[in-house]
1. Residues that are under 26 Å from residue 57 (Cβ atoms) and hydrophobic (A, V, I, L, M, F, W, C): does the range 248-264 have at least one?
2. Filter the range 376-432 down to the residues that are within 25 Å of residue 300 (Cβ to Cβ) and part of a loop (DSSP other than H, G, I, E, B), then identify the one that is nearest to the chain's Cα centre (by Cα).
3. Being assigned by TED's automatic domain parsing to the domain that holds residue 450, surrounded by 24 or more Cβ atoms within 10 Å (Cβ to Cβ) and more than 30 Å from residue 443 (Cα to Cα): is that true of residue 181 here?
4. Considering only residues that are more than 30 Å from residue 436 (Cα to Cα) and charged (D, E, K, R), look in the range 373-416 and name the one that is modelled with the lowest pLDDT.
5. So residue 484 clears everything in (1) out of contact with any strand residue (DSSP E or B) (no Cβ under 6 Å at 6 or more places or on another chain); (2) over 25 Å from residue 356 (Cα atoms); (3) of a type in the set (A, V, I, L, M, F, W, C); (4) surrounded by 18 or more Cβ atoms within 10 Å (Cβ to Cβ) except one condition, right? Which one?
6. Identify, please: which residue in the range 447-457 is at pLDDT 95 or above and part of a loop (DSSP other than H, G, I, E, B) and is, among those, farthest from residue 216 (Cα to Cα)?
7. Could you tell me whether the range 474-485 includes any residue that is modelled with pLDDT under 95 and within 30 Å of residue 263 (Cβ to Cβ)?
8. Does at least one position in the range 88-101 carry a residue that is modelled with pLDDT under 95, among the hydroxyl-bearing types (Ser, Thr, Tyr) and more than 25 Å from residue 281 (Cα to Cα)?
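The values are calculated or read from the model by the stated rules, or taken from the named source; none is laboratory data. Note that this is a predicted model, so its numbers are computed, not measured. Cβ atoms come from the backbone with ideal geometry, glycine included; neighbour counts cover every protein chain shown.
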Amino acid sequence: MILDTDRDASWLPERIYDVCVCGAGPAGITLARRLAARGCDVALMEAGGFGPSAESTDAYRGDSVGIPFLPLHVGRLRYFGGTSNHWTGHAPALDAVDYRPRPDCDLDGWPFGREELDQYADEAGAILESRVPEHAHDPLGFDGKDELRAVAIPLSPPVRFSAKYRREIERSDRIWLHLHANLVDFAFDPDRRGVTGARFRPLRRKQEFVVRARHYALCLGGIENARLLLNCRARSESGLGNETGLVGRFFCDHPHVRIGWLLYDRQRVPAFAGERYYAPTEGFIAREQVLNYCLRLPGTAMASGDGLGARLREAACSTEFIRALAAAIGSAPFDCGNGAGPGLLPIEGVFEQAPNPDSRVTLTDALDAFGLCRARLDWRVGALDLRTMRVAVTQIGRRFAASDLGRVQMAPWLVAEPPYVPERREGFFGGSHHIGTTRMADHPRAGVVDRDGRLFGAANLYVGGSSVFPRSGWANPTYTIVQLALRLGDHLAARVKG
């Protein structure tokens, strides 16, 4: 059933739902569907409508005061389906090493291992319709016995949750989807532990309304989950669930970085079309004490023919350093006249970030249309992040040099002492993967929610989505978000039935 709170609130039923799910992106829709399949009645609350609007998007505006970041209202979509509406479709799982604590790097792990979410692997893959692309072989010979292993990244079409699940939810007799319902606060019982109601305001009407449920789940996104909790000050001036000051801290993204260029020998490297991905082995990660990452080569077709490949060769011919690298290969002369000889490829990477308490979401004094303080993001990249990037390009450079297949030129900002974060135009930007601001842990001194996603200090309020990740790995978070939503759905359904 679909209801629009902007039109009329008189139809709002005087009922108590089993679960009120706030946010209708991949996490919220997956959670609502799971609960409905388990026989639960669900109020699914979406702040936007079925498409983008300037009025709704305005609530996402905020300040960015750290490393240059996309404007906060650009990287997020505030309507049904959430950011699945511009998702690229990469759907890898986190590696097993991403769940474990890393005492060598002073990193906490997840409260459970990868096997806890592996039980939802097939269902998450079906929801996202993800498939692993087939490659006949790895043309560069990274077989995992070395320090690098070839990675096949599962791809979704990509699935747009808005298109795929709208009709199902419209016909459901278990899910009541409320559009233009903007969450502004919670009401609590006298001992201030149990939520007794969630307060909402329509987009265009001023009349607030309350939705009551046995359990509540915040699935608003990695920035918005923290912003909402910080704005809820009825129990504490510091915000809801923020007794230890951790709400909004440990913000991570996935830096997408051009770390260098590969000058390779055309005669010795087989031509291959399409992207190839390579990640470090667990042994290499432990030995070098670095974070996880994934490197991307765009395919040798990029370095030949017309268009961009020709422009790269033209740039190489004008660079004395790269001509010197070409001479060092020795197996083929670098002919700037006809494009024979070495090819040139950018080496790009997606990197895990070490959680940093100073990388965080806080509030500004400016208010949005619903009376909530806007978000301020201070994204930071630390020394371990930069060292991992330098080790990554050094390692692949040594691998190519040892096999005499090519030479690697490191990006100037990584050569510098110390390395520094370059500007976006130099190939450094975030992936708009907002992670870690309500991290999961076994104790409130280490996190905001417990291993089931329940907010510490609240009896019936849960958090879903990538904000609960204690560590990010390098993988796009969508697949893991869906796995966690299925797991949370099973947990809440058991509580409702119990």
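1. Yes, because at least one residue in the range 248-264 is under 26 Å from residue 57 (Cβ atoms) and hydrophobic (A, V, I, L, M, F, W, C).
2. It comes out as 427.
3. Details: assigned by TED's automatic domain parsing to the domain that holds residue 450: yes; surrounded by 24 or more Cβ atoms within 10 Å (Cβ to Cβ): yes; more than 30 Å from residue 443 (Cα to Cα): yes.
Answer is yes for this residue.
4. Once the filter is applied, the top-ranked residue is 404.
5. If we test residue 484 against (1) out of contact with any strand residue (DSSP E or B) (no Cβ under 6 Å at 6 or more places or on another chain); (2) over 25 Å from residue 356 (Cα atoms); (3) of a type in the set (A, V, I, L, M, F, W, C); (4) surrounded by 18 or more Cβ atoms within 10 Å (Cβ to Cβ), just (2) comes out false.
6. Step one: list which residues in the range 447-457 are at pLDDT 95 or above, which gives 447-456.
Among the residues that remain, those that are also part of a loop (DSSP other than H, G, I, E, B) are: 447-448, 450-453, 456.
Numbers: 447: 19, 448: 16, 450: 15, 451: 16, 452: 13, 453: 11, 456: 14 Å.
Within the range 447-457, the match that is farthest from residue 216 (Cα to Cα) is 447.
7. First, the residues of the range 474-485 that are modelled with pLDDT under 95: none.
No: zero hits.
8. yes
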